[in-house]
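The values are calculated or read from the model by the stated rules, or taken from the named source; none is laboratory data. For clarity, every value in this text was computed on a predicted model and none was experimentally measured. Reconstructed Cβ throughout: ideal geometry from the backbone, glycine too, with neighbour counts over all protein chains shown. Surface accessibility is based on the protein's heavy atoms, side chains included, excluding ligands, DNA and RNA. Shrake-Rupley method; radii C 1.70, N 1.55, O 1.52, S 1.80 Å.
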Amino acid sequence: MATDVFSNPREEDPLDVALFQGERRKIIQPTSLLDPKVEKLKDVLTSWINKTLTPDHIVVQSLDEDLFDGLVLHHLLARLAGVSLSVDEIAVTAAAQIHKLGVVLEEVNKRLGLTDDALAKWNVQLIHNKDLLATIHLLVTMVRHFQPDLALPPNVKVEVVLVEVTKTGIKSDIQSEDLTEESLQSPNSSSGEDPIEKLLTLDAHKILLAKTSIVNFVNQNMSSMGLQVADLDTQFSDGVILLLLIGQLEGFFIPLGDFHLSPANHAEMVHNVTLACDFLLDIGLNVPNIDPEDIISRDVGATLKVLYALFRRHKGKHGESAASAQK
């Protein structure tokens, strides 16, 4: 319900109000920040940023406090889209921070397909002013675009106070605003449940069918190297084929001196699988809840999660057979 805060302003007030006439701001109601779903969304976004930026040794603790100067967004864009921008690494003054944010957000909006900046729910001023609502909207949209497989809590809403300065004073209105929707979830999981964990609860023949489809995808892409996978459960545990597959799919060569082609002990296997996980982070492919030890110990769920993430990322790039295998 709208309220008119200054329905009878003092005589000197109209001059002050006029300076800000037409200005509108949205502020999250403090009680909404206590909502467990809002807290979960913030935690997921924070974890996503930190995992993506692990190679850069950047750790974010607060979404609004740590993103305002453009440093984190600059590195995120570089990791997710391979973009190199001509801006200072560290901007100290407010003017330098605003300039950097302007350059970074312009490129982000371009990558997100936002041709009209006015349609975005964020801008340089809001991010630099540590506006949590704008920051969350920006990060959710980046996740949807760059990493659609990341499961965000569905149907997260907040109560916001919309404040507007008019000729007669300041009016406020309390509204509900969506941060995520059901449609933001993975196409294979409307409830936000991990699709592989859900798969492993199904009948054995369905699990076998999915594993066969992924093995076919792997073999299709490894045939040029003369390699074939017959047993998904065991052949990825030492990290060798996984590393070669990532390099083949992403189009880069991994020097043989960087990993153990014939690992002779557990430590060498750990090195290989850890390197593979680092490469996944480098290309912006975050596979949650994966520990290298899980793959080494031949945990089928962990192996499937990694391969399924690669499968979904590349299924449309390597012919129709990979795409049809999932059906």
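Summary table
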quantity	calculated
Cβ-derived FRET efficiency at R0 25 Å, residue 84 paired with residue 147, nearest 0.05	0.80
Solvent-accessible heavy-atom area per residue, rounded to whole Å², over the stretch 65-177 at 1.4 Å	47
Gyration tensor verdict on the stretch 206-305 (Cα atoms; rounded if a/c is under 1.5, prolate if a/b is larger than b/c, oblate otherwise)	rounded
The stretch 44-60 - phi-based ³J(HN,Hα) in whole Hz, Karplus 6.51/-1.76/1.60, Gly and Pro as x	5, 5, 5, 4, 4, 4, 5, 5, 5, 9, 3, x, 8, 6, 10, 10, 9
Pairs from 130/157; 110/305; 42/211 whose Cα-Cα separation, in the structure shown, is over 25 Å	110/305; 42/211
Separation of alpha-carbon centers, the stretch 57-74 and the stretch 116-170, rounded to whole Å	16
Distance in nm between pseudo-label sites at residue 216 and residue 254 (7 Å out along the Cβ direction from Cα)	2.6
For the stretch 212-288: accessible area per residue (Å², 1.4 Å)	43
Extended-chain gain in nm, criterion 0.36 nm per residue less alpha-carbon gap, residue 94 and residue 43	15.6 nm
Residues in the stretch 119-135 reached by a label modelled at residue 175 [backbone nitrogen below 15 Å; 7 Å Cα→Cβ]	119-122, 133-134
In Hz, Karplus ³J(HN,Hα) per residue of the stretch 145-157 (6.51, -1.76, 1.60; θ = phi - 60°; x = Gly, Pro)	7, 8, 9, x, 7, 5, 7, 9, x, x, 6, 8, 10
Exposure ranking of 47, 86 by accessible area [1.4 Å probe, largest first]	86, 47
Label-point separation, residue 281 to residue 267 (7 Å along Cα→Cβ), nm	2.2
Potential lengthening between residue 293 and residue 206 on full extension [0.36 nm per residue; Cα-Cα distance subtracted]	28.7 nm
